[in-house]
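Student: The structure is given below, and queries will be raised subsequently.
The values are calculated or read from the model by the stated rules, or taken from the named source; none is laboratory data. Please read all numbers here as calculations on a predicted model, not as lab measurements. In this analysis, Cβ positions are derived from the backbone assuming ideal geometry, glycine residues included, and neighbour counts consider all displayed protein chains.
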Ligand SMILES: Cc1cc2nc3c(=O)[nH]c(=O)nc-3n(C[C@H](O)[C@H](O)[C@H](O)COP(=O)(O)OP(=O)(O)OC[C@H]3O[C@@H](n4cnc5c(N)ncnc54)[C@H](O)[C@@H]3O)c2cc1C
């Protein structure tokens, strides 16, 4: 196997990974250079599909303040948000936005050349910056990619997966093993800093707004290496994903459309949110999601509708070009037709337990963005707080690494040698068809039994079914191809979500147990590592 050495390796090229890479390259001494490893093409990520925007508390936005933003974030987090983390991230928001603008990100401005702020559910004021109308993620990601491509001396491995972390017997991570699935090539990489920026887990569910890269790889890798993971029961289901066509990956109908006055209706055009919450369409995501889910069950239908016909076509197209374009592909004109919508897995609040600077429970291993759990989101994420968290954690990680020695890295260790040797073994052969079946079975289990409404019976059945899939899968290290590695990781994540969901015998934020419909008086986060009993 090829063996190489870098000062830092960033795994993942969404907003968190790219922003960290740019800053590392510009600001930190990296004697052995920087490598970015990414599973698909550089631009492919959850980040690319983000629509609504990025929270920013700017001094010139007189109606807003960090106090207000922190209050909204904590309220959404349903008792589990870490207030200090929320404060830190809010206070850093203006600074990271300025840096992003310097890198080339162009947020939308009004006719006076002032930044435009919009509002989404559960925000008390307009504080969300957007770009390209409803293409915020694409505009930021694209600007970061363009900037990075103009830089010299950054190695990029596309179509390459991180498949194993190299942690030594002293709990220090020394590097990783990568697998290029195009060339079928493995590489052992020594690096004193490995940064997991691999995003979320949406693909574990039958219906999701997330692209196919979101199989929880980095979280599974870190957990298997012994890192502490946190809040794994909290999966955010977005209420309004487009519900026609291929229902696997569903494009998002951003909350901002409801922010512009669109109403949720049944097929006859009757509104129903007043039955569920006085904040109506702009109630928090988990409330709207459960309301829609309930309506769908009551009426035995596959979706409800969004009535945005009060917005004229020109205005809709200008404000929401991505959504407009996607709807038109299905012959839906949002100014004339109701848009069919249903809930879909969207965002993962849990992940690798980190501080705001990305440090994990393993030295030399860092995590940022959606793969990390800083405690900002608690039990439920406030809309548009995640891109902000990606940027601030990347920013702080670089401040941390500035003071680390990124030169020496001694990989000689019995534990690491054992891991590397296991990758020299003969390949495990599994029929591709089996993996594809397992993939669909797992997504069904997670959607039906570990989804929007949970209970003990279903969770225990899911646990059993995942155990069976795991023994059918049978691989514990080297796999044959990309989808097998993804399957291996998804099984790890599924087990963790189920275990955490069973442990939380209450309903809080995005985690709803019909057998325990109330909140407990005591709010605490749960965490787990391979070597410990689950901690409350
Ligand atoms: C449709 C949609 C709309 C959204 N809208 C908003 C919004 O308006 N505002 C907001 O704040 N948030 C929004 N979000 C959430 C937000 O986009 C994500 O939380 C955020 O972009 C995550 O960024 P990231 O850098 O952590 O991960 P990602 O952007 O998901 O990037 C992960 C990267 O890791 C790579 N990767 C994964 N596994 C491996 C592996 N094993 N080896 C190597 N590379 C790997 C992937 O290929 C990818 O490059 C939205 C999400 C979606 C899906």
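Student: Is it the case that residue 419 is more than 21 Å from residue 225 (Cα to Cα), at pLDDT below 95 and not in a loop (DSSP other than H, G, I, E, B)? Please lay out each step first, then the result.
Tutor: Values: more than 21 Å from residue 225 (Cα to Cα): no; at pLDDT below 95: yes; not in a loop (DSSP other than H, G, I, E, B): yes.
So residue 419 does not fit the description; no.
Student: Moving to a separate point now. Residue by residue through the stretch 85-106, note down the ones that are assigned to a loop (DSSP other than H, G, I, E, B) and either in contact with a strand residue (DSSP E or B) (Cβ under 7 Å, 6 or more places away or on another chain) or buried (at least 18 other Cβ atoms within 10 Å of the Cβ) (or both). Explain how you work it out, then say what you get.
Tutor: Taking the stretch 85-106 as the starting set, the residues that turn out to be assigned to a loop (DSSP other than H, G, I, E, B) are 104-106.
If the condition is that a residue be assigned to a loop (DSSP other than H, G, I, E, B) and either in contact with a strand residue (DSSP E or B) (Cβ under 7 Å, 6 or more places away or on another chain) or buried (at least 18 other Cβ atoms within 10 Å of the Cβ) (or both), then 105 is the only one that fits.
Student: Take the stretch 333-343 and flag every residue that is part of a loop (DSSP other than H, G, I, E, B), out of contact with any helix residue (DSSP H, G or I) (no Cβ under 6 Å at 6 or more places or on another chain) and under 25 Å from residue 290 (Cβ atoms).
Tutor: So in the stretch 333-343, the residues part of a loop (DSSP other than H, G, I, E, B) come out as 333-338.
Then drop every residue that is not out of contact with any helix residue (DSSP H, G or I) (no Cβ under 6 Å at 6 or more places or on another chain), which leaves 333, 336-338.
Within the stretch 333-343, 338 is the sole residue that qualifies.
Let's see how each residue does on (1) over 17 Å from residue 390 (Cβ atoms); (2) more than 14 Å from the ligand (Cβ to nearest atom); (3) free of Cβ contacts under 8 Å to residues at least 24 places away in the same chain:
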{"residue": "85", "(1), (2), (3)": "no, yes, no"}
{"residue": "93", "(1), (2), (3)": "no, no, no"}
{"residue": "100", "(1), (2), (3)": "no, no, no"}
{"residue": "160", "(1), (2), (3)": "yes, no, no"}
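Student: Consider the stretch 254-272. How many of its residues are in contact with a helix residue (DSSP H, G or I) (Cβ under 6 Å, 6 or more places away or on another chain) and surrounded by 23 or more Cβ atoms within 10 Å (Cβ to Cβ)?
Tutor: The total comes to 2.
Student: Of everything in the stretch 434-478, what is assigned to a loop (DSSP other than H, G, I, E, B) and at pLDDT below 95? Give them in sequence order. Lay out the reasoning, then the answer.
Tutor: Initially, the stretch 434-478 is screened for residues assigned to a loop (DSSP other than H, G, I, E, B), giving 450-453, 455, 474-478.
Passing the criteria: 474, 475, 476, 477, 478.
Student: Is at least one residue of the stretch 171-193 within 19 Å of the chain's Cα centre (by Cα) and within 11 Å of the ligand (Cβ to nearest atom)?
Tutor: Restricting attention to the stretch 171-193, the residues satisfying the condition of being within 19 Å of the chain's Cα centre (by Cα) are none.
Checked against the condition, which is being within 19 Å of the chain's Cα centre (by Cα) and within 11 Å of the ligand (Cβ to nearest atom), the stretch 171-193 yields no hits at all.
Student: Continuing with this model, one more query. Pairs needed: first member in the stretch 318-347, under 25 Å from residue 235 (Cα atoms) and touching a residue at least 24 places away in the same chain (Cβ under 8 Å); second member anywhere, away from the ligand (no atom under 16 Å from the Cβ) and assigned to a helix (DSSP H, G or I); C-beta distance under 6 Å; at least 6 residues apart or different chains.
Tutor: As it stands, the answer is 343/292; 343/293, since those pairs meet every condition given.
Student: Taking the stretch 213-238 as the search range and keeping residues that are touching a strand residue (DSSP E or B) at 6+ places or on another chain (Cβ under 7 Å), more than 13 Å from the ligand (Cβ to nearest atom) and outside any helix (DSSP H, G or I), which one is farthest from residue 384 (Cα to Cα)?
Tutor: For the stretch 213-238, the residue satisfying everything is 226.
Student: All but one of (1) surrounded by fewer than 16 Cβ atoms within 10 Å (Cβ to Cβ); (2) away from the ligand (no atom under 15 Å from the Cβ); (3) not in a helix (DSSP H, G or I) hold for residue 61, so report the exception by its number.
Tutor: Residue 61 satisfies all of (1) surrounded by fewer than 16 Cβ atoms within 10 Å (Cβ to Cβ); (2) away from the ligand (no atom under 15 Å from the Cβ); (3) not in a helix (DSSP H, G or I) except (1).
Student: Would you mind telling me which numbered condition in (1) near the ligand (Cβ under 7 Å from one of its atoms); (2) surrounded by fewer than 18 Cβ atoms within 10 Å (Cβ to Cβ); (3) in a helix (DSSP H, G or I) residue 40 fails?
Tutor: Condition (3) is where residue 40 drops out.
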